[in-house]
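Each remark here refers to the structure printed beneath this line.
Bear in mind these aren't lab numbers, they're just calculated from the coordinates by the rules spelled out. None of these values were measured; they are calculated from a predicted model. FYI the Cβ positions are ideal-geometry reconstructions off the backbone, even for glycines, and counts take in every protein chain you see.
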Amino acid sequence: MRALPAFLIMAMIEGVFVFAVAWLANRLLRQTGRAARIRAMVIACTAWIAFLSGGYLLTGGSGALMEGMGLIIVLAAACVAGTLLATILWVSRG
């Protein structure tokens, strides 16, 4: 039960980061509409998870669950949860 607040905080931080990247991309590319927002959020979330995984593997991570890959899985799940919430809020507002 103690891990839930930490997970929610990570999800919120990663959701805000992914939202900022997606919002900036839509603004720079002059994209509007709900489909463009959803597409930008999915691409930004996928890029963030790839960045996390790639950074872990490039620093010598072996991919074993108990050697750090478990943390990457938790961070990826938090990213997906935060991105889903941010996408729902962003798309429903406009």
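For the chain, the calculated P(r), taken from all Cα-Cα distances in 10 Å bins from zero up to the bin holding the longest distance, is 17, 42, 28, 11, 1 percent. For the chain, the longest principal axis of the alpha carbon atoms and the long axis of helix 34-58 meet at an angle near 20°.
For the chain, the relative contact order is 47 percent, taking Cα pairs closer than 8 Å that sit 6 or more residues apart in sequence and dividing their mean separation by the residue count. Extending 7 Å from the Cα toward the beta-carbon at both LEU89 and ILE73 defines two label points whose distance is 2.8 nm.
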